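The values are calculated or read from the model by the stated rules, or taken from the named source; none is laboratory data. Please read all numbers here as calculations on a predicted model, not as lab measurements. Because the Cβ atoms are built from the backbone with ideal geometry, glycine has one as well, and the counts that use them run over all protein chains shown.
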Amino acid sequence: MLIQKIKISNFKTYLSLDLDLTVDDDRPIILIGGSNGGGKTTLFEAISGALYGLKIESKEHFMELLNQGAINKVKPEISLQITFVGKVLGQQQKYILKRIYQLNPQGRPLESVSLNMNGNMYVYGTMTAPKERVRAEQEISKIIKANLPQELSQYFLFDAMQSSELLKKNVFQQTIRDNFENVLGFKKYLQLKRASEKLQQEWAQQRLEAEQEAGRGLQPWRQSPPAGAASAVCDGRGTGRSCPPSVPAPR
C-alpha cells in the first residue's frame, strides 16, 4: 500500500489541507516535521480516520473534532479523503476513499463513505438501507484489510514521539503479541475463554448460595417437653421412664 494523497477539510487543526505524498522510486521516503501543536499527530489521525473511519459518538464529540475556524463560516462537515495504490491478487489498483461527517437536524452524527476503485464505485452512509449498507461496507472493509489491516496500522501510522514507549521493557513484546493475536483471530477465542470462565464462576456462586439456602431450610426439628415435665432418661436396662416397653420373649 502506497499513500499518494490526503485531503482534509475542517478536521481539528486543519481547515483545509491537500497534501501530495507521491514519491520517486529512487527517493521513497517523506519526512514530515513541525513544532509541537503544528498538526503532525493530527495528520496521522486524519489518515487513520480516512481509512478506518472516525468513531463520532455525539454532537459534542463532533464539535470537538470540527475545526474552530469552520464554525459559522463554512458548512459544518468534516471531510477526509485518501488516495492510495495497492496490489490485490497480484494486480495494482488505485483507490480514492472519502468519508464525510456531519450532523442531522436532530444533532446526530452522520457518516457517508465512497470508494472509487479504478472507476468502480462503492457508496454507503448512515441513512443507506441496511442490506445495501452491509454489502457496500463489507466490500470496502475487505479492500482496506487487503492493503493494510487496522490491527497492523499502528506500526505504520504513529507519532515518532511515541516510539520510545514501544522500546520499553516488555511493552514492545506485548504489543507484538496482542496484534499477532488480533490478526490471526486468537483474540476472539481468548474473549470466549474469559467469558466462559466468568460464567462458570457465576454458576458456582449461584449453586453455593442455593445449597446454603437449602441447608437453612432443613434444620433438625426438636419438640420441647411440656412445661413442668421431668426429663426422661433411659438407663440402658429398660427401667427408665423413656425406655420402650419390653416385649416378652416367646416360649
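The figures follow:
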item	result
Among residues of region 112-127, those that are surrounded by 13 or more Cβ atoms within 10 Å (Cβ to Cβ) and either in contact with a helix residue (DSSP H, G or I) (Cβ under 7 Å, 6 or more places away or on another chain) or under 16 Å from Y95 (Cβ atoms) (or both), counted	8
Residue check for K75: at pLDDT below 95, over 20 Å from the mean Cα position of the chain (by Cα), of a type in the set (K, R) and under 20 Å from G125 (Cβ atoms)	yes
Criterion: closer than 28 Å to T41 by Cα and under 23 Å from the mean Cα position of the chain (by Cα) - qualifying residue of R133, R99	R99
Matching residues in region 51-86 - criterion: being under 15 Å from I100 (Cβ atoms), assigned to a helix (DSSP H, G or I) and free of Cβ contacts under 8 Å to residues at least 60 places away in the same chain	F62, L65
Residue in region 41-67 that is nearest to the chain's Cα centre (by Cα), counting only those that are among the aliphatic types (A, V, I, L, M) and surrounded by fewer than 19 Cβ atoms within 10 Å (Cβ to Cβ)	L65
Out of S35, S48, S112, sole residue that is assigned to a strand (DSSP E or B) and polar (S, T, N, Q)	S112
Any pair with Cβ under 8 angstrom, 6 or more apart, that starts in region 111-130 at a residue that is farther than 23 Å from F62 by Cβ and ends at one that is surrounded by fewer than 16 Cβ atoms within 10 Å (Cβ to Cβ)	M117/K94; N118/K94; Y122/E139
